[in-house]
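Here the structure is laid out as C-alpha coordinates; the discussion comes afterwards.
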Amino acid sequence: STISNNSLESSLRQLECHFTWSLLQEDVDLNDLEETINDQTEFLIKSNITNYNLLSYVCHLNNSNEEALRNLQKAEKAVQKNHPDEIARRSLVTWGNYAWIYYHMERYEEAKTYVSKVENSCKKLSSTARWKIELPEIYAEQGWALLKFGRKYYERAKNCFENALKSEPNNPEFNTGYAITTYRLESFFYHQGEVLNLSLKPLQRAVELNPNDTFIMALLALKLQDFKQVDEGERYIEKAMQKNPDIPYVLRYASKFYRRKGELDKALEILKKALAVTPKSAFLHHQLGLCYRAKLFQLKKSTRYPPRGQVEELIRLSIFHFKTAIDQKTKFFSAYIDLANMYAQEKRYEEAEETFQKASQINILFCDDKQEFYYNYGRFQHFHMKSGSEAMRYYIEGLKMEKCSYFFDKCRSALKKLVEQRIQGGLGVAEDFGTLGFIHNLSGEKREAIECYEKAIALYPDNEEYLSALCELRLSI
(Lines give C-alpha, C1' and ligand atoms only; values in the text may rest on other atoms or scores of the structure.)
Protein backbone atom coordinates (compact mmCIF):
# COMPACT_ATOMS: atom_id res chain seq x y z
CA SER A 1 0.00 0.00 0.00
CA THR A 2 1.28 3.49 -0.74
CA ILE A 3 1.59 5.81 2.24
CA SER A 4 1.47 9.60 2.10
CA ASN A 5 3.73 11.64 4.38
CA ASN A 6 0.78 12.64 6.59
CA SER A 7 -0.40 9.12 7.08
CA LEU A 8 3.23 8.07 7.62
CA GLU A 9 3.21 9.80 11.00
CA SER A 10 0.01 8.16 12.14
CA SER A 11 1.27 4.77 10.88
CA LEU A 12 4.49 5.18 12.83
CA ARG A 13 2.54 5.77 16.02
CA GLN A 14 0.76 2.44 15.51
CA LEU A 15 3.98 0.41 15.50
CA GLU A 16 5.08 -1.66 18.46
CA CYS A 17 8.67 -0.60 19.08
CA HIS A 18 10.90 1.42 21.42
CA PHE A 19 9.73 4.69 19.91
CA THR A 20 6.12 4.03 20.90
CA TRP A 21 6.72 2.59 24.38
CA SER A 22 7.11 6.00 26.12
CA LEU A 23 10.67 5.43 27.32
CA LEU A 24 11.73 8.91 28.38
CA GLN A 25 15.25 10.17 27.98
CA GLU A 26 15.13 12.25 31.17
CA ASP A 27 14.68 9.12 33.30
CA VAL A 28 18.09 7.62 32.55
CA ASP A 29 21.72 8.50 32.11
CA LEU A 30 22.14 7.60 28.44
CA ASN A 31 25.90 7.07 28.52
CA ASP A 32 25.64 4.73 31.47
CA LEU A 33 22.75 2.88 29.81
CA GLU A 34 24.75 2.44 26.62
CA GLU A 35 27.71 1.10 28.61
CA THR A 36 25.44 -1.35 30.46
CA ILE A 37 23.81 -2.69 27.31
CA ASN A 38 27.22 -3.15 25.65
CA ASP A 39 28.46 -5.08 28.68
CA GLN A 40 25.39 -7.28 28.67
CA THR A 41 25.68 -7.95 24.96
CA GLU A 42 29.19 -9.18 25.62
CA PHE A 43 28.66 -11.16 28.83
CA LEU A 44 25.11 -12.40 29.12
CA ILE A 45 23.96 -15.40 27.18
CA LYS A 46 20.47 -13.94 26.69
CA SER A 47 19.28 -13.21 23.16
CA ASN A 48 21.10 -10.17 21.86
CA ILE A 49 18.35 -9.15 19.45
CA THR A 50 16.68 -7.36 22.35
CA ASN A 51 19.88 -5.58 23.30
CA TYR A 52 20.67 -4.39 19.76
CA ASN A 53 17.13 -3.05 19.29
CA LEU A 54 17.30 -1.18 22.58
CA LEU A 55 20.77 0.11 21.78
CA SER A 56 19.50 1.50 18.47
CA TYR A 57 16.94 3.55 20.40
CA VAL A 58 19.53 4.76 22.92
CA CYS A 59 21.85 5.77 20.07
CA HIS A 60 19.01 7.71 18.49
CA LEU A 61 18.37 9.54 21.78
CA ASN A 62 22.10 10.30 21.84
CA ASN A 63 21.78 11.86 18.36
CA SER A 64 23.72 9.16 16.56
CA ASN A 65 21.25 7.76 14.04
CA GLU A 66 23.98 6.16 11.89
CA GLU A 67 25.12 4.16 14.91
CA ALA A 68 21.45 3.31 15.58
CA LEU A 69 21.13 1.81 12.08
CA ARG A 70 24.29 -0.25 12.60
CA ASN A 71 22.76 -1.80 15.72
CA LEU A 72 19.57 -2.66 13.84
CA GLN A 73 21.69 -4.45 11.22
CA LYS A 74 23.25 -6.47 14.05
CA ALA A 75 19.77 -7.30 15.34
CA GLU A 76 18.78 -8.54 11.87
CA LYS A 77 21.87 -10.76 11.67
CA ALA A 78 21.04 -12.20 15.10
CA VAL A 79 17.47 -12.96 13.95
CA GLN A 80 18.74 -14.73 10.82
CA LYS A 81 21.17 -16.76 12.87
CA ASN A 82 18.87 -17.70 15.78
CA HIS A 83 15.40 -17.76 14.22
CA PRO A 84 15.79 -18.51 10.48
CA ASP A 85 12.24 -19.94 10.35
CA GLU A 86 10.53 -16.99 12.01
CA ILE A 87 12.21 -13.95 10.51
CA ALA A 88 9.10 -11.78 10.15
CA ARG A 89 7.74 -12.60 13.57
CA ARG A 90 11.08 -11.89 15.26
CA SER A 91 11.81 -8.70 13.32
CA LEU A 92 8.71 -6.60 13.95
CA VAL A 93 10.34 -4.46 16.65
CA THR A 94 13.56 -4.08 14.62
CA TRP A 95 11.62 -2.98 11.54
CA GLY A 96 9.54 -0.57 13.62
CA ASN A 97 12.71 1.02 14.95
CA TYR A 98 14.11 1.23 11.40
CA ALA A 99 11.00 3.05 10.24
CA TRP A 100 11.23 5.60 13.06
CA ILE A 101 14.95 6.24 12.63
CA TYR A 102 14.62 6.76 8.86
CA TYR A 103 11.71 9.08 9.56
CA HIS A 104 13.83 11.16 11.96
CA MET A 105 16.59 11.23 9.32
CA GLU A 106 13.96 12.54 6.84
CA ARG A 107 14.50 9.47 4.65
CA TYR A 108 10.76 9.08 4.21
CA GLU A 109 10.75 6.50 1.39
CA GLU A 110 12.83 4.09 3.46
CA ALA A 111 10.64 4.74 6.50
CA LYS A 112 7.56 3.85 4.42
CA THR A 113 9.21 0.66 3.19
CA TYR A 114 9.65 -0.55 6.78
CA VAL A 115 6.15 0.50 7.80
CA SER A 116 4.83 -1.61 4.90
CA LYS A 117 7.03 -4.54 5.93
CA VAL A 118 5.50 -4.49 9.41
CA GLU A 119 2.00 -4.11 8.04
CA ASN A 120 2.33 -6.99 5.58
CA SER A 121 3.91 -9.27 8.19
CA CYS A 122 1.15 -8.54 10.69
CA LYS A 123 -1.46 -9.41 8.07
CA LYS A 124 0.27 -12.72 7.40
CA LEU A 125 0.75 -13.53 11.06
CA SER A 126 -2.76 -12.69 12.16
CA SER A 127 -6.03 -12.34 10.36
CA THR A 128 -7.26 -9.47 12.50
CA ALA A 129 -4.32 -7.19 13.19
CA ARG A 130 -3.10 -4.50 10.87
CA TRP A 131 -0.39 -3.22 13.22
CA LYS A 132 -0.97 -4.35 16.74
CA ILE A 133 -0.23 -7.99 16.99
CA GLU A 134 -0.26 -9.52 20.45
CA LEU A 135 2.95 -11.54 20.32
CA PRO A 136 4.50 -12.78 23.54
CA GLU A 137 8.03 -11.96 22.22
CA ILE A 138 7.03 -8.34 21.72
CA TYR A 139 5.60 -8.10 25.23
CA ALA A 140 8.82 -9.58 26.58
CA GLU A 141 11.00 -7.25 24.54
CA GLN A 142 9.03 -4.29 25.84
CA GLY A 143 9.47 -5.68 29.35
CA TRP A 144 13.28 -5.83 29.00
CA ALA A 145 13.39 -2.27 27.65
CA LEU A 146 11.22 -0.93 30.49
CA LEU A 147 13.40 -2.73 33.01
CA LYS A 148 16.49 -0.96 31.64
CA PHE A 149 14.87 2.47 31.93
CA GLY A 150 14.67 2.20 35.68
CA ARG A 151 12.43 1.90 38.61
CA LYS A 152 9.70 4.23 37.35
CA TYR A 153 9.00 1.58 34.68
CA TYR A 154 9.12 -1.62 36.76
CA GLU A 155 5.35 -1.95 37.28
CA ARG A 156 4.79 -1.70 33.52
CA ALA A 157 7.61 -4.19 32.90
CA LYS A 158 5.95 -6.67 35.24
CA ASN A 159 2.68 -6.38 33.29
CA CYS A 160 4.52 -7.01 30.04
CA PHE A 161 6.15 -10.20 31.29
CA GLU A 162 2.82 -11.34 32.75
CA ASN A 163 1.23 -10.87 29.32
CA ALA A 164 4.02 -12.79 27.62
CA LEU A 165 3.66 -15.66 30.12
CA LYS A 166 -0.09 -15.94 29.47
CA SER A 167 0.60 -17.50 26.09
CA GLU A 168 3.84 -19.31 27.00
CA PRO A 169 3.91 -20.05 30.73
CA ASN A 170 6.99 -22.27 30.46
CA ASN A 171 9.13 -19.99 28.33
CA PRO A 172 12.49 -19.76 30.15
CA GLU A 173 13.29 -16.21 29.03
CA PHE A 174 9.88 -14.79 29.96
CA ASN A 175 10.12 -16.44 33.38
CA THR A 176 13.55 -14.89 33.89
CA GLY A 177 12.26 -11.43 32.97
CA TYR A 178 9.30 -11.81 35.31
CA ALA A 179 11.51 -13.01 38.18
CA ILE A 180 14.04 -10.17 37.79
CA THR A 181 11.22 -7.62 37.69
CA THR A 182 9.48 -8.89 40.81
CA TYR A 183 12.85 -9.08 42.58
CA ARG A 184 13.60 -5.46 41.74
CA LEU A 185 10.12 -4.23 42.60
CA GLU A 186 10.23 -6.01 45.90
CA SER A 187 13.40 -4.37 47.08
CA PHE A 188 11.45 -1.09 47.18
CA PHE A 189 8.46 -2.26 49.17
CA TYR A 190 8.84 -2.21 52.87
CA HIS A 191 6.36 -3.18 55.53
CA GLN A 192 7.73 -2.42 58.97
CA GLY A 193 10.81 -4.55 58.51
CA GLU A 194 9.24 -7.69 57.13
CA VAL A 195 10.79 -9.18 54.02
CA LEU A 196 8.34 -9.63 51.17
CA ASN A 197 8.01 -12.91 49.44
CA LEU A 198 6.76 -11.99 45.97
CA SER A 199 9.87 -12.96 44.06
CA LEU A 200 11.08 -16.14 45.77
CA LYS A 201 8.82 -18.49 43.78
CA PRO A 202 9.37 -16.75 40.40
CA LEU A 203 13.15 -16.87 41.01
CA GLN A 204 13.07 -20.57 41.89
CA ARG A 205 10.94 -21.26 38.81
CA ALA A 206 13.32 -19.28 36.59
CA VAL A 207 16.35 -21.16 37.94
CA GLU A 208 14.57 -24.46 37.30
CA LEU A 209 13.79 -23.47 33.68
CA ASN A 210 17.23 -21.89 33.06
CA PRO A 211 19.69 -24.28 34.70
CA ASN A 212 22.61 -22.55 32.96
CA ASP A 213 21.63 -18.96 33.71
CA THR A 214 23.99 -18.08 36.54
CA PHE A 215 22.73 -14.48 36.74
CA ILE A 216 19.32 -15.59 37.93
CA MET A 217 20.95 -18.11 40.29
CA ALA A 218 22.84 -15.27 41.96
CA LEU A 219 19.61 -13.29 42.43
CA LEU A 220 17.94 -16.30 44.00
CA ALA A 221 20.91 -16.59 46.38
CA LEU A 222 20.43 -12.97 47.53
CA LYS A 223 16.71 -13.57 48.03
CA LEU A 224 17.39 -16.66 50.15
CA GLN A 225 19.85 -14.58 52.16
CA ASP A 226 17.05 -12.05 52.82
CA PHE A 227 15.11 -14.94 54.34
CA LYS A 228 18.09 -15.92 56.51
CA GLN A 229 18.58 -19.09 54.43
CA VAL A 230 22.24 -18.16 54.08
CA ASP A 231 23.67 -21.66 53.57
CA GLU A 232 21.28 -22.51 50.77
CA GLY A 233 21.94 -19.10 49.22
CA GLU A 234 25.67 -19.69 49.40
CA ARG A 235 25.31 -23.03 47.60
CA TYR A 236 23.73 -21.20 44.65
CA ILE A 237 26.40 -18.49 44.70
CA GLU A 238 29.20 -21.08 44.69
CA LYS A 239 27.51 -23.00 41.88
CA ALA A 240 27.08 -19.85 39.80
CA MET A 241 30.70 -18.85 40.30
CA GLN A 242 31.93 -22.33 39.34
CA LYS A 243 29.89 -22.31 36.13
CA ASN A 244 30.78 -18.76 35.09
CA PRO A 245 33.78 -17.58 37.04
CA ASP A 246 34.33 -14.55 34.76
CA ILE A 247 30.92 -13.06 34.13
CA PRO A 248 30.81 -9.66 35.84
CA TYR A 249 27.05 -9.92 36.40
CA VAL A 250 27.47 -13.05 38.48
CA LEU A 251 30.46 -11.63 40.33
CA ARG A 252 28.71 -8.40 41.29
CA TYR A 253 25.89 -10.22 43.06
CA ALA A 254 28.27 -12.72 44.61
CA SER A 255 30.24 -9.82 46.09
CA LYS A 256 27.03 -8.33 47.45
CA PHE A 257 26.18 -11.68 49.03
CA TYR A 258 29.54 -11.88 50.83
CA ARG A 259 29.48 -8.22 51.85
CA ARG A 260 26.08 -8.70 53.49
CA LYS A 261 27.38 -11.87 55.12
CA GLY A 262 30.23 -9.83 56.61
CA GLU A 263 33.02 -11.51 54.61
CA LEU A 264 34.39 -8.21 53.37
CA ASP A 265 37.77 -9.34 52.10
CA LYS A 266 36.16 -12.03 49.98
CA ALA A 267 33.63 -9.50 48.65
CA LEU A 268 36.43 -7.07 47.74
CA GLU A 269 38.45 -9.75 45.97
CA ILE A 270 35.41 -10.69 43.84
CA LEU A 271 34.61 -7.03 43.07
CA LYS A 272 38.13 -6.28 41.89
CA LYS A 273 37.96 -9.28 39.56
CA ALA A 274 34.67 -8.01 38.10
CA LEU A 275 36.00 -4.46 37.79
CA ALA A 276 38.89 -5.71 35.67
CA VAL A 277 36.30 -6.92 33.16
CA THR A 278 33.82 -3.98 33.25
CA PRO A 279 35.87 -1.06 34.61
CA LYS A 280 33.13 1.53 34.10
CA SER A 281 30.34 -0.23 35.97
CA ALA A 282 28.67 2.22 38.36
CA PHE A 283 27.16 -0.69 40.28
CA LEU A 284 30.60 -2.20 40.97
CA HIS A 285 32.12 1.10 42.10
CA HIS A 286 29.20 1.65 44.46
CA GLN A 287 29.62 -1.86 45.89
CA LEU A 288 33.36 -1.25 46.37
CA GLY A 289 32.56 1.96 48.24
CA LEU A 290 30.12 0.05 50.47
CA CYS A 291 32.77 -2.59 51.22
CA TYR A 292 35.40 -0.04 52.24
CA ARG A 293 32.79 1.75 54.34
CA ALA A 294 31.86 -1.52 56.06
CA LYS A 295 35.56 -2.16 56.75
CA LEU A 296 35.78 1.31 58.28
CA PHE A 297 32.84 0.59 60.62
CA GLN A 298 34.33 -2.79 61.54
CA LEU A 299 37.65 -1.16 62.37
CA LYS A 300 36.02 1.54 64.50
CA LYS A 301 33.95 -1.04 66.36
CA SER A 302 36.75 -3.49 67.07
CA THR A 303 39.47 -1.07 68.21
CA ARG A 304 39.14 1.71 70.68
CA TYR A 305 41.79 3.84 68.98
CA PRO A 306 41.87 2.71 65.34
CA PRO A 307 45.09 3.73 63.54
CA ARG A 308 44.48 7.12 61.93
CA GLY A 309 46.25 6.12 58.71
CA GLN A 310 44.03 3.09 58.21
CA VAL A 311 40.86 5.10 58.88
CA GLU A 312 41.90 7.80 56.41
CA GLU A 313 42.74 5.25 53.72
CA LEU A 314 39.34 3.50 54.03
CA ILE A 315 37.52 6.84 53.88
CA ARG A 316 39.59 7.89 50.87
CA LEU A 317 38.84 4.63 49.04
CA SER A 318 35.12 4.72 49.69
CA ILE A 319 34.89 8.38 48.62
CA PHE A 320 36.83 7.58 45.45
CA HIS A 321 34.49 4.72 44.48
CA PHE A 322 31.23 6.50 45.38
CA LYS A 323 32.40 9.47 43.33
CA THR A 324 33.31 7.26 40.37
CA ALA A 325 29.84 5.68 40.55
CA ILE A 326 28.02 9.01 40.23
CA ASP A 327 30.39 10.28 37.54
CA GLN A 328 29.43 7.24 35.50
CA LYS A 329 25.72 7.26 36.37
CA THR A 330 24.49 10.76 37.06
CA LYS A 331 21.13 9.74 38.56
CA PHE A 332 22.50 7.16 41.03
CA PHE A 333 20.64 8.40 44.11
CA SER A 334 21.94 6.06 46.80
CA ALA A 335 25.54 6.61 45.69
CA TYR A 336 25.07 10.39 46.18
CA ILE A 337 23.72 9.85 49.69
CA ASP A 338 26.59 7.50 50.57
CA LEU A 339 29.13 9.97 49.19
CA ALA A 340 27.60 12.91 51.09
CA ASN A 341 27.70 10.96 54.36
CA MET A 342 31.34 10.03 53.70
CA TYR A 343 32.27 13.67 53.14
CA ALA A 344 30.56 14.50 56.42
CA GLN A 345 32.62 11.81 58.21
CA GLU A 346 35.70 13.49 56.79
CA LYS A 347 34.40 16.92 58.00
CA ARG A 348 34.36 18.11 54.38
CA TYR A 349 31.08 19.88 55.04
CA GLU A 350 30.87 22.04 51.93
CA GLU A 351 31.28 19.03 49.67
CA ALA A 352 28.78 17.09 51.78
CA GLU A 353 26.22 19.91 51.48
CA GLU A 354 26.75 20.19 47.73
CA THR A 355 26.37 16.41 47.26
CA PHE A 356 23.18 16.30 49.34
CA GLN A 357 21.73 19.09 47.21
CA LYS A 358 22.58 17.22 44.00
CA ALA A 359 20.92 14.10 45.38
CA SER A 360 17.73 15.97 46.17
CA GLN A 361 17.56 17.44 42.66
CA ILE A 362 17.54 14.13 40.78
CA ASN A 363 14.35 14.15 38.71
CA ILE A 364 13.28 10.53 39.17
CA LEU A 365 13.00 10.26 42.95
CA PHE A 366 10.24 8.25 44.58
CA CYS A 367 8.56 8.91 47.90
CA ASP A 368 10.93 6.59 49.77
CA ASP A 369 14.00 8.14 48.10
CA LYS A 370 12.87 11.53 49.36
CA GLN A 371 12.35 10.11 52.84
CA GLU A 372 15.85 8.64 52.70
CA PHE A 373 17.16 12.07 51.72
CA TYR A 374 15.29 13.85 54.55
CA TYR A 375 16.52 11.33 57.10
CA ASN A 376 20.16 11.53 56.03
CA TYR A 377 20.14 15.29 55.59
CA GLY A 378 18.43 15.67 58.97
CA ARG A 379 21.19 13.63 60.58
CA PHE A 380 23.79 15.75 58.83
CA GLN A 381 22.18 18.92 60.22
CA HIS A 382 21.91 17.42 63.69
CA PHE A 383 25.29 15.74 64.19
CA HIS A 384 27.59 17.70 61.89
CA MET A 385 26.02 21.16 61.59
CA LYS A 386 24.85 20.96 65.24
CA SER A 387 21.45 22.35 64.35
CA GLY A 388 18.68 20.44 66.09
CA SER A 389 15.94 22.70 64.77
CA GLU A 390 17.03 22.24 61.13
CA ALA A 391 17.24 18.48 61.71
CA MET A 392 13.69 18.49 63.09
CA ARG A 393 12.48 20.40 60.04
CA TYR A 394 13.79 17.71 57.66
CA TYR A 395 12.62 14.75 59.74
CA ILE A 396 9.14 16.29 59.77
CA GLU A 397 9.27 16.73 55.97
CA GLY A 398 10.01 13.00 55.71
CA LEU A 399 7.03 12.18 57.92
CA LYS A 400 4.61 14.35 55.98
CA MET A 401 4.85 11.85 53.13
CA GLU A 402 2.96 8.59 53.09
CA LYS A 403 4.13 5.83 55.44
CA CYS A 404 5.82 3.81 52.79
CA SER A 405 9.35 3.06 53.72
CA TYR A 406 12.04 2.01 56.05
CA PHE A 407 13.10 5.67 56.20
CA PHE A 408 9.69 6.77 57.38
CA ASP A 409 10.38 4.76 60.55
CA LYS A 410 13.93 6.11 60.75
CA CYS A 411 12.70 9.72 60.50
CA ARG A 412 10.10 9.07 63.16
CA SER A 413 12.47 7.54 65.70
CA ALA A 414 15.21 10.14 65.07
CA LEU A 415 12.72 12.97 65.51
CA LYS A 416 11.23 11.45 68.65
CA LYS A 417 14.64 11.04 70.24
CA LEU A 418 15.64 14.59 69.38
CA VAL A 419 12.45 16.15 70.72
CA GLU A 420 12.51 14.11 73.91
CA GLN A 421 16.11 15.18 74.54
CA ARG A 422 15.13 18.83 74.16
CA ILE A 423 12.19 18.46 76.52
CA GLN A 424 14.24 16.55 79.11
CA GLY A 425 16.99 19.14 78.86
CA GLY A 426 14.45 21.75 79.91
CA LEU A 427 14.59 23.43 76.48
CA GLY A 428 11.09 22.29 75.60
CA VAL A 429 9.07 24.99 73.87
CA ALA A 430 5.49 24.73 72.67
CA GLU A 431 6.73 23.56 69.28
CA ASP A 432 8.53 20.56 70.80
CA PHE A 433 5.42 19.36 72.62
CA GLY A 434 3.43 19.94 69.40
CA THR A 435 5.95 17.86 67.44
CA LEU A 436 5.89 15.08 70.01
CA GLY A 437 2.08 15.12 69.79
CA PHE A 438 2.37 14.78 66.02
CA ILE A 439 4.70 11.75 66.41
CA HIS A 440 2.45 10.00 68.94
CA ASN A 441 -0.53 10.61 66.69
CA LEU A 442 1.33 9.09 63.70
CA SER A 443 2.08 6.02 65.80
CA GLY A 444 -1.57 5.70 66.79
CA GLU A 445 -0.84 6.63 70.44
CA LYS A 446 -3.76 8.99 70.83
CA ARG A 447 -3.79 9.53 74.61
CA GLU A 448 -0.10 10.44 74.64
CA ALA A 449 -0.72 12.73 71.66
CA ILE A 450 -3.53 14.53 73.52
CA GLU A 451 -1.29 15.06 76.53
CA CYS A 452 1.45 16.59 74.39
CA TYR A 453 -0.93 18.92 72.54
CA GLU A 454 -2.38 20.05 75.88
CA LYS A 455 1.15 20.96 77.06
CA ALA A 456 1.83 22.76 73.80
CA ILE A 457 -1.38 24.79 74.15
CA ALA A 458 -0.56 25.66 77.77
CA LEU A 459 2.66 27.26 76.45
CA TYR A 460 1.10 28.79 73.34
CA PRO A 461 -2.62 29.18 74.02
CA ASP A 462 -3.96 30.41 70.68
CA ASN A 463 -2.06 28.24 68.22
CA GLU A 464 -4.64 27.16 65.62
CA GLU A 465 -2.71 24.08 64.54
CA TYR A 466 -2.47 22.59 68.05
CA LEU A 467 -6.06 23.43 68.88
CA SER A 468 -7.48 21.78 65.79
CA ALA A 469 -5.22 18.70 66.21
CA LEU A 470 -6.38 18.36 69.81
CA CYS A 471 -9.99 18.77 68.80
CA GLU A 472 -9.73 16.07 66.13
CA LEU A 473 -8.01 13.67 68.52
CA ARG A 474 -10.64 14.10 71.22
CA LEU A 475 -13.38 13.42 68.71
CA SER A 476 -11.64 10.27 67.45
CA ILE A 477 -11.33 8.60 70.83
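Of all residues in the range 247-281, those that are part of a loop (DSSP other than H, G, I, E, B) and touching a residue at least 40 places away in the same chain (Cβ under 8 Å) total 4.
Among the residues of the range 379-387, are any among the small types (Gly, Ala, Ser) and either closer than 30 Å to Phe438 by Cα or under 25 Å from the mean Cα position of the chain (by Cα) (or both)? Yes, because at least one residue in the range 379-387 is among the small types (Gly, Ala, Ser) and either closer than 30 Å to Phe438 by Cα or under 25 Å from the mean Cα position of the chain (by Cα) (or both). Scanning the range 185-209 for residues that are open to solvent by less than 70 Å² (accessible area, probe 1.4 Å) and either modelled with pLDDT of 95 or more or part of a helix (DSSP H, G or I) (or both) returns Leu185, Glu186, Leu200, Pro202, Leu203, Ala206, Val207, Leu209.
May I ask you to verify whether His104 is open to solvent by 30 Å² or more (accessible area, probe 1.4 Å), at pLDDT 95 or above and either touching a Leu at 6+ places or on another chain (Cβ under 7 Å) or not hydroxyl-bearing (Ser, Thr, Tyr) (or both)? Please lay out each step first, then the result.
Details: open to solvent by 30 Å² or more (accessible area, probe 1.4 Å): yes; at pLDDT 95 or above: yes; either touching a Leu at 6+ places or on another chain (Cβ under 7 Å) or not hydroxyl-bearing (Ser, Thr, Tyr) (or both): yes.
The answer is yes for His104.
Just so you know, in the range 405-426 the residues that are under 20 Å from Arg379 (Cα atoms) and part of a loop (DSSP other than H, G, I, E, B) include one that is modelled with the highest pLDDT, and it is Gly425.
Can Glu431 be described as out of contact with any strand residue (DSSP E or B) (no Cβ under 6 Å at 6 or more places or on another chain) and over 18 Å from Arg412 (Cβ atoms)? Taking the combined requirement at face value, the residue does not satisfy it. Look at (1) modelled with pLDDT under 95; (2) assigned to a helix (DSSP H, G or I) and you find that Asp462 fails only one, number (2).
Tell me which residues, restricted to the range 377-387, are in contact with a helix residue (DSSP H, G or I) (Cβ under 6 Å, 6 or more places away or on another chain), surrounded by fewer than 22 Cβ atoms within 10 Å (Cβ to Cβ) and outside any loop (DSSP other than H, G, I, E, B).
Going through the range 377-387, the residues in contact with a helix residue (DSSP H, G or I) (Cβ under 6 Å, 6 or more places away or on another chain) turn out to be 377-378, 380-382, 384, 387.
Still in the list and also surrounded by fewer than 22 Cβ atoms within 10 Å (Cβ to Cβ): 381-382, 384, 387.
Hits for the range 377-387 are Gln381, His382, His384.
Taken over the range 420-460, residues that are in contact with a Gly (Cβ under 8 Å, 6 or more places away or on another chain) and of a type in the set (Val, Ile, Thr) amount to 1.
Scanning the range 333-351 for residues that are hydrophobic (A, V, I, L, M, F, W, C) and either within 23 Å of Phe283 (Cβ to Cβ) or open to solvent by 40 Å² or more (accessible area, probe 1.4 Å) (or both) gives Phe333, Ala335, Ile337, Leu339, Ala340, Met342. Screening Leu146, Leu125, Leu165 for residues that are farther than 18 Å from Trp21 by Cα and outside the structural domain of Leu54 (by the TED database) leaves exactly one candidate, Leu165.
Name the residues in the range 140-167 that are under 19 Å from Arg90 (Cβ atoms) and open to solvent by 60 Å² or more (accessible area, probe 1.4 Å), would you? Can you show your working first?
The first filter runs over the range 140-167 and keeps only residues under 19 Å from Arg90 (Cβ atoms), leaving 140-145, 160-161, 163-165, 167.
Of everything in the range 140-167, just one residue is under 19 Å from Arg90 (Cβ atoms) and open to solvent by 60 Å² or more (accessible area, probe 1.4 Å), namely Ser167.
The values are calculated or read from the model by the stated rules, or taken from the named source; none is laboratory data. If you're wondering where the values come from, they're calculated on a predicted model, not measured in any experiment. Virtual Cβ from ideal backbone geometry, glycine too; neighbours counted across all protein chains shown. What goes into the accessible areas is simple: the full protein's heavy atoms, side chains included, and nothing from ligands, DNA or RNA. Shrake-Rupley method; radii C 1.70, N 1.55, O 1.52, S 1.80 Å.
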